[in-house]
Amino acid sequence: MDDLTAAAAALSGVLSRRDEASRFGFQLHERLPVLLALRNQLDAALARTVRHGGLSGLPEIDGHTTMASWLRGHGRMSGAAAHRLVAVGRSLENLPAADAAFAAGSITADQVTVLGQIATDERRAAADAEGLDLAEVDATLTALAAAGTHQDTVLGVGHYLARLDPDGPEPDPTADRGLTLPVHGDGSRGIRGQLDAIGGEKVATALESLVQADRPAGDSRTRAQQLADALVQLCDTHLAAGELPTLRGRKPQVTVVVPLEDLLDPTTGPGAATLGLGAQVSAARARLLACDSQVTRVLMGPDSQPLDLGRSHRIVPAHLRKAVELRDRGCVFTGCGAPKYWCDVHHLVHWIDDGPTSLENSALLCERHHTKVHHGFRVERQPDNSYRTFRPDDTEIVVGPRLPGLDATPAAPSEPPRMTGGRARRRTTRSPGAGASRATPRDPVDLDTVIDIEPTLRPTVTL
């Protein structure tokens, strides 16, 4: 331990200088590979120590039963990282070539995790049944890992496993599926998981269809943001359709509880509302959900216990939503083409501010742009049922060039709507050079004729 302590002290002195900013590119180019190899060596020593610590009863000294639980408590690791480290140490026992390369800093802990797949009990038994020398396989794949990339290691191990028992029964591809949704301190969630090839292809295809269908002009989202938005939209669409299985006797709904005074307060109100699964969100997010939802009044006593539960009141009834869909046809935010079934019904003047729940005060907005509108953006409907969109600084969002000095207001309709292909179309005349800052004017809708429509399932706000 004295040697290790002395080496650690010397290394700490070097690393604590933090002089990277004073070095040039070629100096850092020489420094980085050394640090990476050193990290690999430390990871190897840590994995071996964890393995032998588990065998020698180390966790029991501090009242733990497993090394994973000890690492979570004393190593301040996440559960996933602790289990991964334990698994790496365990796999090295049966992979001497990988163990040696890891100790030399030639391969990474991630590569060892991949190589460990060949050394499970089932696969070692299968290799013995096929007359394969696992030590030779270990040496070959370790050499591949040391000379190639992480992806090369994945492909090499996958090639070996696919041919380990080609005549045997097809393994269940769903057995290795896994998904966790850890909750962070601010209520947001991480996504960690793994899918088999076919399951992953299905998810990727579904998300890609939503990504490609939602590419408005000026979209500056990264690829990762587009996929995340697509996943939320996919869930929102299925929740709204009301076709998901029941959850404890009810159709699944997103629920948020917010005190009435916070809902009435126009400020953001961070942490004022609580979602059904416990995460806290701002009052502004609660007002967003309340645009198109059911509201239930709950009278709370001084000890925070419910005293009275009022009847649920639907903010946007089904027949009104149908009327808004017929008029707006999709998201009215300038430049967006999201279809109507992706959209919430937004109150142009919020109902909590005495805005009426009416056709005139309603507009369709997709989930992303609905969020924008509740964070400073503004949508205004014009007398001809077209829409204009403004940024928080009151500048208008336009699509296409607008020539200076020209009126961009569409002229009044020159004739009544004509039926084309079974749908009423209104001809409009734009001023010369007018920019496409507005959605196409929507057709008028007779609200009285829209009846007998099944309500869609929207998020529930409990007051």
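The values are calculated or read from the model by the stated rules, or taken from the named source; none is laboratory data. All of these numbers come straight from a predicted model, not from anything done at the bench. Ideal geometry is used to build each Cβ from the backbone, glycine not excepted, and the neighbour counts take in all protein chains shown.
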Out of (1) charged (D, E, K, R); (2) more than 17 Å from His369 (Cα to Cα); (3) under 16 Å from the mean Cα position of the chain (by Cα), the one Glu201 does not meet is (3)
Could you look through the stretch 70-125, keep only residues that are among the β-branched types (Val, Ile, Thr) and touching a helix residue (DSSP H, G or I) at 6+ places or on another chain (Cβ under 7 Å), and pick out the one that is nearest to His184 (Cα to Cα)?
Val86
So which residues in the stretch 327-345 are buried (at least 20 other Cβ atoms within 10 Å of the Cβ) and out of contact with any Pro (no Cβ under 6 Å at 6 or more places or on another chain), if there are any at all?
Arg327, Asp328, Cys331, Val332, Phe333, Thr334, Ala338, Trp342, Cys343, Asp344, Val345
Looking only at residues that are at positive phi and modelled with pLDDT of 70 or more in the stretch 260-279, which one is surrounded by the fewest Cβ atoms within 10 Å (Cβ to Cβ)?
Gly278
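Matching residues to (1) touching a strand residue (DSSP E or B) at 6+ places or on another chain (Cβ under 7 Å); (2) part of a strand (DSSP E or B); (3) within 28 Å of Ala283 (Cβ to Cβ):
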site: Glu201; (1), (2), (3): no, no, no
site: Gln212; (1), (2), (3): no, no, no
site: Gln225; (1), (2), (3): no, no, yes
site: Leu231; (1), (2), (3): no, no, yes
site: Gln253; (1), (2), (3): yes, no, yes
So how many residues does the stretch 343-355 have that are of a type outside the set (D, E, K, R), farther than 15 Å from Glu380 by Cα and modelled with pLDDT under 85?
2
Restricting to the stretch 219-259, give me the number of residues that are surrounded by 12 or more Cβ atoms within 10 Å (Cβ to Cβ) and either among the β-branched types (Val, Ile, Thr) or at pLDDT below 75 (or both).
10
Out of curiosity, is Glu136 surrounded by fewer than 17 Cβ atoms within 10 Å (Cβ to Cβ), more than 30 Å from Ala8 (Cα to Cα) and not β-branched (Val, Ile, Thr)?
yes
Among the listed residues Ala87, Ala82, which satisfies the condition of being assigned by TED's automatic domain parsing to the domain that holds Gln111, small (Gly, Ala, Ser), crowded, with 20+ Cβ neighbours inside 10 Å and part of a helix (DSSP H, G or I)?
Ala82
Identify all residues within the stretch 360-369 that are assigned to a helix (DSSP H, G or I) and within 15 Å of Gly335 (Cβ to Cβ); write none if there are none.
Arg368, His369
Going by what's in this entry, would Leu144 be described as free of Cβ contacts under 8 Å to residues at least 24 places away in the same chain, surrounded by 13 or more Cβ atoms within 10 Å (Cβ to Cβ) and more than 32 Å from the chain's Cα centre (by Cα)?
yes
When you go through Ile118, Ile107 one by one, which is the residue that is in contact (Cβ under 8 Å) with a residue 60 or more places away in the chain, of a type in the set (Val, Ile, Thr) and either in the same structural domain as Val157 (by TED's automatic domain parsing) or surrounded by fewer than 20 Cβ atoms within 10 Å (Cβ to Cβ) (or both)?
Ile107
How many of the residues making up the stretch 280-298 are of a type in the set (A, V, I, L, M), at pLDDT 75 or above and outside any helix (DSSP H, G or I)?
1
With respect to Gly158, is the statement that it is assigned by TED's automatic domain parsing to the domain that holds His52, surrounded by 14 or more Cβ atoms within 10 Å (Cβ to Cβ) and not aliphatic (A, V, I, L, M) true?
no
